[in-house]
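Report on the following structure.
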Amino acid sequence: MSGTVSNIEVGALAARSRALAVLRVRSTALAVVLLPAALAVVLVSARMTGRLSGDPWPLVVLGVCVAAVLVLLVGGIFAAVVLRARPAVTPTVPLPEEAAPDLYRMVRDLADRLEVPPPSAIALTPDCDSWLEDRTHAAHRRRSISGGSAASPGTARDAAPVLVIGSPFLWWMRVAELRAVLAPVVAGTGPSAQPDIADARRFVRGLDAAVDVGNGRGLGWIAGAARLLLRLCGAHAAEMERGVAAAASERAQSVDYGLRIVAQEQVGLAYAGWDRLLTRVALPAWRMGRWPAHLDAGVVSALTELSRRDRLAEGFTSRLGERPACDLLEEPGTVDEAASLLAARLFHGGPAEAGPDWAPVSWAAYPEEVVDRTWRAEAARLHRALDALAVPGHPADPQQAAQGRPPHDPGPATRPAAPAPVRTAGPGLAAGAARAGRAAGGAAPAAVVAGRADDPAAALGGPTLERVLVYLAQGDAAAGEALAGRLSGDLARAERAAGAGAAKARGADAVPLFPLQPPRSGRDLLADHVTALVCCAAVDSAGAEPGLDWLDGPVLLVGGERSADLGPRVLSLVEDGDPAPLRDWLSALGVRPEKPIRLV
């Protein structure tokens, strides 16, 4: 035990020494500002006592006094900005004690066992991480969750920071595991209560906030001065935080050490499941203007499915019989919904409140409300791109047919300009349609057999899957590239328009703080849109259904089972221009490519 206490003291002393180094930078900056004033005082005193008489001392004293006033004015403005600037605070879901009395009781007991001050409050973040965050700023003395009185100005201790807990931990971890994971985090409130460390942290946070204020208001000299001071004390601040972390880790060694090792495995597993749930399940819904209302409950289903598939995770399912940490909340569903809405704001840029175009969706309604709508929206975008490229298709409107325009074509006055010419009609397309028909084991379209190569649209019906199959089966790489480029441009314009409208209506909330995925390539977009069109055809003509896989997101269900062999067949068509594998799959499933598809 003595060795542990010694290590704790060593870490705390190291942190305090670095904090004093940071404060010395602050004192040096203050001395530089006061130096001209001190010199002015000396010169004025010398003049008044007659020690500096005659020329040119009157002008020298006046110049020094003016310079001192200017330096004091500039220094005062800078100090006011640093003191009044509000450092950035991580968006979280506040969790008052009445909403989670058992959780507060557990954290308070943990702090008592670690002999550190309890956190001043608890909040949740929609991420797999936990930390302490000081939110006191200038008014930094508050009541803590222990119920003690507020510290007086002369006390040596500062208020404890807020404990921020990753919401997925509450749903996936058991109560004992959460306690073990939070032990080193809560232990960090001990060094945080040390006055020198607290002052050093406030100074660094104030400088960081002053940089943002200076840049935002066009006060470059303030931002420049703050950056200079940050460079001077940055290394000391980093070493201070390492010392604080080392001391907290050593202090937590005495609490549930064996369980902490097991709990860390659950942290990694929760992070993996949360990442897949966000990128593959939540992101498609957010793009449709819907947000899953119970993401934290979904991560439990995702990790349970992972445990079922992965033999290495077989032991994890036995944990589910123990009490989950979300039982420490009074209303887990309400908290989960608030965390899910915040996740949509942070990772996608959604608004902070639900609305007509930003509605919650339950997991039961997800296949119909998100998966099916996403497929049909992408299928519609694919056909609009084909229309823009003047790819033949059966006119859906008699007036369009009389004018010789393709379906969805708004007319020559508003039709978007087509890119480089693509071989979409004539003998090449007729031969492609004939080859496609033979590959499917049937005859070529009647219009092509009859030699009506000038009107293949009569045999294709639109919007149909056959139209896309024939177009991509030409074996012309330029055709696929033109379609992929058109899709990329259309999607980029739609996202810019949506982003501009959202930014106007919601301000900063329209910009995601942590974007989930980089932009997709044109080929990936084309493959996704063709897959969506195939799924729509399977749903409309073969009795398939949209479904949800907790780890992979939207899937096509055939006979209640997931269809896992569609992706490679679509890639054969998109990348190689070979429709045979996909046509075989469609034929086995009973999908009719020439049958019109319902679009949104």
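For this structure, a couple of remarks:
For every residue, the table says whether it meets (1) open to solvent by less than 10 Å² (accessible area, probe 1.4 Å); (2) at pLDDT 90 or above.
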{"residue": "Trp286", "(1), (2)": "yes, yes"}
{"residue": "Leu295", "(1), (2)": "yes, yes"}
{"residue": "Leu303", "(1), (2)": "yes, no"}
{"residue": "Arg308", "(1), (2)": "no, no"}
{"residue": "Ser318", "(1), (2)": "no, no"}
{"residue": "Leu342", "(1), (2)": "no, yes"}
{"residue": "Gly349", "(1), (2)": "yes, no"}
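- Scanning region 572-600 for residues that are part of a helix (DSSP H, G or I) and open to solvent by less than 60 Å² (accessible area, probe 1.4 Å) yields Ser572, Leu573, Val574, Ala580, Pro581, Leu582, Arg583, Trp585, Leu586, Leu589.
- Summed over region 279-310, residues that are out of contact with any Ser or Thr (no Cβ under 8 Å at 6 or more places or on another chain) and farther than 16 Å from Pro512 by Cα total 13.
- Across region 87-124, the number of residues qualifying as modelled with pLDDT under 95, of a type in the set (Val, Ile, Thr) and either in contact with a Pro (Cβ under 8 Å, 6 or more places away or on another chain) or over 22 Å from Phe347 (Cβ atoms) (or both) comes to 1.
- Selection count where residues are open to solvent by 70 Å² or more (accessible area, probe 1.4 Å) and out of contact with any helix residue (DSSP H, G or I) (no Cβ under 8 Å at 6 or more places or on another chain), scope region 217-234: 3
- In region 324-340, the residues that are of a type outside the set (Val, Ile, Thr) and open to solvent by 20 Å² or more (accessible area, probe 1.4 Å): Pro324, Asp327, Glu330, Glu331, Pro332, Gly333, Glu337, Ala338
- Criterion applied to Arg217, Arg251, Arg231 was being over 25 Å from Ala79 (Cα atoms) and basic (Lys, Arg), and the one residue passing it is Arg251.
- Residue in region 255-275 that is surrounded by fewer than 16 Cβ atoms within 10 Å (Cβ to Cβ) and in contact with a Ser or Thr (Cβ under 9 Å, 6 or more places away or on another chain) present: no
- Any hit, region 193-212, residues being surrounded by fewer than 16 Cβ atoms within 10 Å (Cβ to Cβ), over 22 Å from Ser17 (Cα atoms) and in contact (Cβ under 8 Å) with a residue 40 or more places away in the chain: yes
- Taking the conditions (1) part of a helix (DSSP H, G or I); (2) open to solvent by less than 60 Å² (accessible area, probe 1.4 Å); (3) out of contact with any Ser or Thr (no Cβ under 9 Å at 6 or more places or on another chain); (4) touching a residue at least 60 places away in the same chain (Cβ under 8 Å) in turn, Ala111 satisfies each one other than (3).
- Helices (runs of 4 or more DSSP H) wholly inside region 213-308 that include at least 2 residues being in contact with an Asp or Glu (Cβ under 6 Å, 6 or more places away or on another chain), in contact (Cβ under 8 Å) with a residue 12 or more places away in the chain and closer than 30 Å to Gly190 by Cα: 257-277
- Within region 542-571, the set of residues being open to solvent by 30 Å² or more (accessible area, probe 1.4 Å) and in a helix (DSSP H, G or I) comprises Ala542, Gly567, Pro568, Arg569, Leu571.
- Filter result for Ala40 (open to solvent by less than 50 Å² (accessible area, probe 1.4 Å), over 43 Å from the mean Cα position of the chain (by Cα), on the phi < 0 side of the Ramachandran plot and modelled with pLDDT of 90 or more): yes
- Failed condition for Met48, given (1) surrounded by 13 or more Cβ atoms within 10 Å (Cβ to Cβ); (2) modelled with pLDDT under 90: (1)
The values are calculated or read from the model by the stated rules, or taken from the named source; none is laboratory data. Just so it is clear, the model here is predicted, and its values are computed rather than measured. Here Cβ is always computed from backbone atoms with ideal geometry, including for glycine, and neighbour counts include all displayed protein chains. Areas reflect the complete protein model, heavy atoms only, side chains present, ligands, DNA and RNA absent. Shrake-Rupley method; radii C 1.70, N 1.55, O 1.52, S 1.80 Å.
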